[in-house]
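**Student:** Just dropping this structure here.
The values are calculated or read from the model by the stated rules, or taken from the named source; none is laboratory data. Nothing here was measured: the structure is a model prediction, and the numbers come from that model. As a convention, Cβ positions derive from the backbone with ideal geometry for all residues, glycine included, and neighbour counts pool all protein chains shown. Accessible surface is based on the protein model in full, side chains and every heavy atom, while ligands, DNA and RNA are left aside. Shrake-Rupley method; radii C 1.70, N 1.55, O 1.52, S 1.80 Å.
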There are 4 protein chains.
Amino acid sequence: MNENISHEITFRVRYHEVDQMGFLHHSRYFIYFEIGRTEFLRTSGFTYKEFEEKGLFLVIANVSCKYKYPIRYDDQIRLITTLTKMSIGKIEHSYEIWDESKSRLHAIGESTLACVDSNGHLHKIPEFLINLKYPDLSAPDRN
Amino acid sequence: MNENISHEITFRVRYHEVDQMGFLHHSRYFIYFEIGRTEFLRTSGFTYKEFEEKGLFLVIANVSCKYKYPIRYDDQIRLITTLTKMSIGKIEHSYEIWDESKSRLHAIGESTLACVDSNGHLHKIPEFLINLKYPDLSAPDRN
Amino acid sequence: MNENISHEITFRVRYHEVDQMGFLHHSRYFIYFEIGRTEFLRTSGFTYKEFEEKGLFLVIANVSCKYKYPIRYDDQIRLITTLTKMSIGKIEHSYEIWDESKSRLHAIGESTLACVDSNGHLHKIPEFLINLKYPDLSAPDRN
Amino acid sequence: MNENISHEITFRVRYHEVDQMGFLHHSRYFIYFEIGRTEFLRTSGFTYKEFEEKGLFLVIANVSCKYKYPIRYDDQIRLITTLTKMSIGKIEHSYEIWDESKSRLHAIGESTLACVDSNGHLHKIPEFLINLKYPDLSAPDRN
């Protein structure tokens, strides 16, 4: 199964993402988690864009984040996205955001996704999504 | 015709909209302009939401802004949106952002909208939109 | 004490906040929660802007949200922010997002805030903040 | 002088940047332009972060964009940033956004920057910034 495999991506914090404290705004971490999930999926050869083209959508059922150490403008950060559960009812991920050298853990998070159709009705997670094969890779650049 | 009538709205600058200089990020002004257009249209009794439900969309063809004096967190600002041209080919607006007491002009802008259908093809501006009646009003609160 | 008092605000979902599913993007809920906290505090007569002017900052230590029913463009939503804990170590809030008529619960959330100084070092929650008096009010408009 | 040299960067359109029409929201182009300027500057060996650490800020005096063809979720786009004027009074850039293969021009834009100090007062563009040397390069990946 695909559980407990991880994906790493590094990227740079952009100017508009930082608030007047000089810290990455806490709401932006969830956007980073979304980028992590998207790029993780892409490594399977399938994309979330193709998923929506089938008339299905993955929606967030719940999400959380603990903030341990602030992130600043122009920091290069390292996001590790781990697929922790993949079943016909839900998909769970966990996240860690580290500095580039991986010496400081800035934040950890979790999310649960459900699948809905274009009417917003719950749909089981498709078999093909559950059975995707992911390569064993680490730290590709954000692209 | 509906040209050269104006609409005013006041609203408050939110924390996440301000960058680490302590200034409203320049990209946010265009979001404020969009709120201005939306609320202006709503005063006619018709809404942009209803417009999209007809399968039509108003897209930005061009937009510009001149920034005169920075806007800060928690400022109450006054946005004046003026409909400067309404034709079958395009809709033009101009914008002024003032402080609450209207003693300082912070920014001015302009935009041109075109109408497209759900395939993204150009469509003429519908007659009913051109002929909407707007009340003469000023400075309702953002809502 | 100030625990378990609530504040309500209604506001409208903006175009740029909605994703291509037609749903309010999940990261935006945290921005709404921030608006809720800000407006709640303002009812005491003191503002978060004044707090930062004292060289102190309230930072998010952790936050979560459960999404129950999607929110769409132009919806008027009702946000209830409740102060659930206020101590020298942390401030906790809970949140509910309802539709305007309060017949459907769209989302619930929680957050914990800590206080830091301008160097990012932990600071106790100031006495004056703990002792603020809040009026008993409900559902002012967003402004 | 440094005028009329260009910088290219490719990057991918993120989910939260796209509106319910399925198009990159028009306000996001200005954020892309900002990324273009930032990465262009970085190729000189100097960064905008270091600039702010000197107590100086580059602020947008005016900006505009013409939108020619919509950009969609997950598109790889190619942004060309050209330094068109660098003087003691202002810095001007122009921008082109192409598809990845450079067969379709999606948008063009322009901006003017001014320099201010930490009090928001106009400051001349520093000599060292005017005299930076840029390598001749094209199309590094966004990082």
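**Student:** Is one or more of the residues making up the range C:66-83 more than 30 Å from B:THR38 (Cα to Cα) and touching a Cys at 6+ places or on another chain (Cβ under 9 Å)?
**Tutor:** So far as the range C:66-83 goes, no, none of its residues is more than 30 Å from B:THR38 (Cα to Cα) and touching a Cys at 6+ places or on another chain (Cβ under 9 Å).
**Student:** Out of B:ILE80, B:ILE88, report the one residue that is closer than 14 Å to B:PHE128 by Cα and either of a type in the set (Ser, Thr, Tyr) or at pLDDT 95 or above (or both).
**Tutor:** B:ILE88 is the lone residue from the list that is closer than 14 Å to B:PHE128 by Cα and either of a type in the set (Ser, Thr, Tyr) or at pLDDT 95 or above (or both).
**Student:** Looking at the structure I just gave you, is A:TYR29 at pLDDT 95 or above, out of contact with any helix residue (DSSP H, G or I) (no Cβ under 7 Å at 6 or more places or on another chain), open to solvent by 30 Å² or more (accessible area, probe 1.4 Å) and of a type in the set (Phe, Trp, Tyr)?
**Tutor:** Criteria not met by A:TYR29.
**Student:** Condition test on B:CYS115, is it farther than 29 Å from B:HIS16 by Cα, touching a residue at least 12 places away in the same chain (Cβ under 8 Å), open to solvent by less than 50 Å² (accessible area, probe 1.4 Å) and within 14 Å of chain D (Cβ to nearest Cβ)?
**Tutor:** Yes.
**Student:** Run D:SER94 past the list (1) open to solvent by 30 Å² or more (accessible area, probe 1.4 Å); (2) among the hydroxyl-bearing types (Ser, Thr, Tyr); (3) within 23 Å of B:LEU24 (Cβ to Cβ) and report the number of the one that doesn't hold.
**Tutor:** Against the list (1) open to solvent by 30 Å² or more (accessible area, probe 1.4 Å); (2) among the hydroxyl-bearing types (Ser, Thr, Tyr); (3) within 23 Å of B:LEU24 (Cβ to Cβ), D:SER94 comes up short only on (3).
**Student:** Here is a follow-up. Which condition number in (1) closer than 26 Å to D:ILE77 by Cβ; (2) surrounded by fewer than 18 Cβ atoms within 10 Å (Cβ to Cβ); (3) among the aromatic types (Phe, Trp, Tyr) is the one that A:TYR73 fails?
**Tutor:** (2)
**Student:** Sticking with this one: If the Cβ limit is 7 Å and pairs must be 6+ apart or interchain, which residue in the range B:35-48 that is touching a residue at least 40 places away in the same chain (Cβ under 8 Å) pairs with which residue that is part of a helix (DSSP H, G or I) and open to solvent by less than 20 Å² (accessible area, probe 1.4 Å)?
**Tutor:** Every condition considered, no pair remains.
**Student:** How many of the residues making up the range B:92-129 are assigned to a strand (DSSP E or B) and of a type in the set (Lys, Arg)?
**Tutor:** Counting residues in the range B:92-129 that are assigned to a strand (DSSP E or B) and of a type in the set (Lys, Arg) gives 0.
**Student:** Output the number of residues of the range C:1-26 satisfying the condition of being open to solvent by 20 Å² or more (accessible area, probe 1.4 Å) and of a type in the set (Phe, Trp, Tyr).
**Tutor:** Number satisfying all stated conditions: 1.
**Student:** Report those strands (runs of 3 or more DSSP E) wholly inside the range C:3-91 carrying at least 3 residues which are more than 10 Å from every other protein chain (Cβ to nearest Cβ) and under 17 Å from the mean Cα position of the chain (by Cα).
**Tutor:** Strands (runs of 3 or more DSSP E) meeting the threshold: C:5-12, C:76-86.
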